[in-house]
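Student: Dropping a structure here in structure tokens format, bear with me for questions.
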Amino acid sequence: MNRKLIECVPNFSEGRDLNIIKQITNEIESVDGVKLLDVDPGSATNRTVVTFVGSPQAVIDAAYKAILKASELIDMSKHKGEHARMGATDVCPLIPVANISMEETSEWAIKLAQKVGENTEIPIYLYGEAQPNKERHILSVIRSGEYEGFFEKIKNPKWKPDFGPAVYNPKSGATTIGSRDFLIAYNINLNTKSTRIANRIAFDVRENGRVKRIGNPYVGKIEKDENGNSIRIPGKCKAVQAVGWFIDEYDVAQVSANLTNFRITPIHAFFDEVEKSGIKRGVRITGSELVGLIPLNAMLDAGRHFLKKQGRSVGVSDEELIHIAIKSMGLDELGPFDPHKKIIEYQLKDTNDERLINLSAEKLAQETASESMAPGGGSISAYVGTLGVSLGTMVANLSANKSGWEEKVDIFSSWAEKGQAVQKELLFLVDEDTRSFNHIIDAIRMPKDTPNENAIRLDAIEKASKYAAEVPFKVMETAYKAYELLKAMQEIGNPASITDAGVGALCCMTAIEGAYMNVRINTKDLKDKPFAENLNKKSHDLLVRAKKNLETIVQHVHTSIQ
């Protein structure tokens with residue numbers, strides 16, 4: 001449910017021999033838990049940029065194998081190309097994508113650097129956020145002198161590698177490994193052919209801004225400081241690089257940007273600033289495009305931003321938030337925008353992990369009614385709870401959009417967001433309950449022909465049964481969270497929807513009591529009696545509290561409709 005994802009974008013010093021490139025990417029694809037997203041070879045630069053993503057350990061394993069293969073196949077002593085370079089694997093950045101901090105990503109980068117340094121003859125330099133020495137954390141500073149100059153540079157104690165030998169490797173060169181923020185490459189088209197206007201807009205919005213001039217801000221003499229350096233007027237958006245140019249493909253001018261840290265300047269904030277600058281100059285945006293991929297949270301935040309500007313509730317589904325973001329920024333005006341191809345997390349989504357919730361209501365009912373033992377009461381309890389919290393969320397959204405209640409939008413929007421969060425947890429648990437049951441079956445089917453095999457099998461059954469009891473307890477806890485929302489909606493929500501809140505409470509009670517039954521049956525035969533007794537007590541106490549909450553809500557509904 002909260003899978004950690006890291007993106008890795010290694011640059012290899014080979015862009016012409018597709019067979020070599022394929023052998024390197026084969027190493028990446030051989031690792032379970034990673035997905036190869038893009039391979040971009042360049043003949044002139046003689047360089048290939050590879051993008052893959054996955055869980056941290058899987059990414060480290062794949063990157064390590066790729067670096068080894070590149071050192072085997074690429075001979076830097078024969079390399080020629082336009083791009084600056086210092087090694088067969090020139091640079092290997094790790095980028096936090098989902099549910100992982102930059103600090104933790106940096107730790108993984110250091111682990112990778114150490115592993116390569118200890119197991120190869122390649123000098124390794126840390127860079128970016130993974131490099132504690134801020135005098136050598138910038139890639140261009142480390143790479144200065146390039147391959148040819150590093151034979152002498154590495155002898156300088158100041159440039160001793162962070163890992164690996166302090167002797168330059170003629171065949172493989174050196175490699176920089178580090179961590180940085182996700183870079184969003186984003187272009188905005190304008191209804192003008194003027195590159196001058198596009199550039200002025202770029203100067204307005206990019207962090208580096210423009211040089212300050214005396215008199216005419218565009219052609220006046222450049223102002224200098226006491227050291228003779230040009231004085232600059234910073235732009236509106238930090239962590240943004242931008243330039244204006246003419247695009248033959250669209251026959252218009254374009255502001256092309258790299259958002260080097262979308263947490264500092266989100267894509268929607270950049271869009272708004274370009275729009276403001278354009279309006280001042282009599283031009284408007286005619287569509288925009290992403291070059292490469294974008295994290296899910298960047299799109300969800302954009303959707304919330306534009307809904308707030310419209311005075312609407314943001315407590316809607318991810319699908320609706322993404323739709324609003326696409327339409328608001330014109331991401332589908334220059335060509336099709338498929339979220340499943342452009343959003344990193346969707347590229348990685350395993351439909352087998354969400355088999356039940358991807359079924360239609362009819363198919364889920366039929367699957368439940370079949371002779372298969374799963375889905376059973378646990379999954380259905382979670383699903384009924386999902387319907388219950390969804391009703392509470394519906395009341396919040398209806399109330400947020402009720403005519404005459406405009407001043408209450410923020411209140412109901414906040415409640416709807418809480419409902420959406422609970423709904424996501426319960427939807428995950430629909431399939432997780434079935435998965436936990438399947439783990440028990442897998443354990444039961446383990447070999448038991450020898451005492452050792454049987455001991456391993458019994459231990460696996462015990463562990464799987466414990467988890468199969470913990471999952472329905474999680475269903476109970478999650479469904480119980482919905483009572484706060486449902487109680488609030490019956491008290492302050494749209495009076496016309498009070499029965500919806502009541503039905504939602506009944507659904508959540510079904511989820512809680514149904515899940516309680518599954519806790520009890522899955523703890524019944526556990527050998528770990530203290531674990532079973534503790535979980536049974538906690539689940540019973542929660543059941544009692546839930547019944548009291550339900551009684552209050554249902555009584556209020558009946559009183560209101562008499």
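Student: Please go through region 329-350 and pick out each residue that is touching a strand residue (DSSP E or B) at 6+ places or on another chain (Cβ under 8 Å), modelled with pLDDT under 95 and outside any loop (DSSP other than H, G, I, E, B).
Tutor: Matches in region 329-350: 342, 343, 344, 345, 347, 348.
Student: Let me ask something else about it. What's the total number of residues in region 437-473 that are surrounded by fewer than 18 Cβ atoms within 10 Å (Cβ to Cβ), of a type in the set (Lys, Arg) and either part of a helix (DSSP H, G or I) or touching an Asp or Glu at 6+ places or on another chain (Cβ under 9 Å) (or both)?
Tutor: 2
Student: Additional query: Looking at (1) out of contact with any Pro (no Cβ under 7 Å at 6 or more places or on another chain); (2) in a strand (DSSP E or B); (3) touching a residue at least 60 places away in the same chain (Cβ under 8 Å), find the lone condition where residue 40 falls short.
Tutor: Condition (3) is where residue 40 drops out.
Student: Which of the following residues is crowded, with 19+ Cβ neighbours inside 10 Å, out of contact with any Ser or Thr (no Cβ under 8 Å at 6 or more places or on another chain) and in the same structural domain as residue 127 (by TED's automatic domain parsing): 109, 66, 113, 98? Write out each step before concluding.
Tutor: Numbers: 109 fails: out of contact with any Ser or Thr (no Cβ under 8 Å at 6 or more places or on another chain); 66 fails: out of contact with any Ser or Thr (no Cβ under 8 Å at 6 or more places or on another chain); 98 fails: crowded, with 19+ Cβ neighbours inside 10 Å.
One residue alone meets the criteria, 113.
Student: Can you name the condition, by its number, that residue 249 falls short on among (1) modelled with pLDDT under 95; (2) charged (D, E, K, R); (3) under 30 Å from residue 415 (Cβ atoms)?
Tutor: (3)
Student: Restricted to region 191-247, and to residues that are part of a helix (DSSP H, G or I) and small (Gly, Ala, Ser), which residue is surrounded by the most Cβ atoms within 10 Å (Cβ to Cβ)?
Tutor: Looking at the filtered set, the residue picked out is 198.
Student: Within region 61-112, can you find the residues that are modelled with pLDDT of 90 or more, under 14 Å from residue 14 (Cα atoms) and part of a loop (DSSP other than H, G, I, E, B)?
Tutor: 74, 75, 88
Student: Mind listing whichever residues of region 524-550 are modelled with pLDDT of 95 or more and of a type in the set (S, T, N, Q)?
Tutor: Those that are modelled with pLDDT of 95 or more and of a type in the set (S, T, N, Q): 534, 536, 539.
Student: Based on this model, can you work out whether residue 274 counts as buried (at least 17 other Cβ atoms within 10 Å of the Cβ), of a type in the set (A, V, I, L, M, F, W, C) and more than 27 Å from the chain's Cα centre (by Cα)?
Tutor: Working: buried (at least 17 other Cβ atoms within 10 Å of the Cβ): yes; of a type in the set (A, V, I, L, M, F, W, C): yes; more than 27 Å from the chain's Cα centre (by Cα): no.
So residue 274 does not fit the description; no.
Student: Moving on. Condition first: touching a strand residue (DSSP E or B) at 6+ places or on another chain (Cβ under 6 Å), at pLDDT 95 or above and surrounded by 17 or more Cβ atoms within 10 Å (Cβ to Cβ). Can you find one or more residues in region 307-328 that meet it? Don't jump to the end; show me each part of the working.
Tutor: Here is the first cut: in region 307-328, the residues touching a strand residue (DSSP E or B) at 6+ places or on another chain (Cβ under 6 Å) are none.
Looking through region 307-328, none of the residues is touching a strand residue (DSSP E or B) at 6+ places or on another chain (Cβ under 6 Å), at pLDDT 95 or above and surrounded by 17 or more Cβ atoms within 10 Å (Cβ to Cβ).
Student: Scan region 250-273 and report the pairs whose first residue is under 13 Å from residue 295 (Cβ atoms) and whose second residue is among the β-branched types (Val, Ile, Thr) and outside any strand (DSSP E or B), with Cβ atoms within less than 7 Å and a gap of 6+ or a chain change.
Tutor: Taking only residues 6 or more apart or on different chains, the pairs are 259/265; 259/267.
Student: Spot the failing condition for residue 31; the list is (1) outside any helix (DSSP H, G or I); (2) closer than 18 Å to residue 109 by Cβ; (3) in contact with a strand residue (DSSP E or B) (Cβ under 7 Å, 6 or more places away or on another chain), and only one is missed.
Tutor: Every condition holds for residue 31 apart from (3).
Student: On to the next question. For residues that are surrounded by fewer than 24 Cβ atoms within 10 Å (Cβ to Cβ) and of a type in the set (A, V, I, L, M, F, W, C), tally how many sit in region 376-397.
Tutor: 4
Student: For region 11-35, give me the residue count where each residue is touching a Ser or Thr at 6+ places or on another chain (Cβ under 6 Å) and within 20 Å of residue 98 (Cβ to Cβ).
Tutor: 1
Student: Run residue 66 past the list (1) more than 30 Å from residue 151 (Cβ to Cβ); (2) free of Cβ contacts under 8 Å to residues at least 60 places away in the same chain; (3) out of contact with any Lys or Arg (no Cβ under 8 Å at 6 or more places or on another chain) and report the number of the one that doesn't hold.
Tutor: (1)
Student: Right, residue 373: in contact (Cβ under 8 Å) with a residue 40 or more places away in the chain and buried (at least 19 other Cβ atoms within 10 Å of the Cβ) or not? Even if it seems obvious, please write down each step before you answer.
Tutor: On the way: in contact (Cβ under 8 Å) with a residue 40 or more places away in the chain: yes; buried (at least 19 other Cβ atoms within 10 Å of the Cβ): no.
No.
Student: State which residue is modelled with the highest pLDDT when the search covers only region 137-152 and only residues that are surrounded by fewer than 17 Cβ atoms within 10 Å (Cβ to Cβ) and closer than 14 Å to residue 125 by Cα. Give the steps one after another, and end with the answer.
Tutor: Pass one, region 137-152, residues surrounded by fewer than 17 Cβ atoms within 10 Å (Cβ to Cβ): 138, 140-141, 144-146, 148-149, 151-152.
From what is left, the residues that are closer than 14 Å to residue 125 by Cα are 138, 140-141, 144, 146.
On the way: 138: 82, 140: 78, 141: 85, 144: 85, 146: 88.
Among residues in region 137-152 that are surrounded by fewer than 17 Cβ atoms within 10 Å (Cβ to Cβ) and closer than 14 Å to residue 125 by Cα, the one modelled with the highest pLDDT is 146.
The values are calculated or read from the model by the stated rules, or taken from the named source; none is laboratory data. Only a predicted model underlies this, so the values are computations on that prediction, with no experimental measurement involved. A quick note on method: Cβ atoms are made from the backbone with ideal geometry, for glycine too, and the neighbour counts reach across all protein chains shown.
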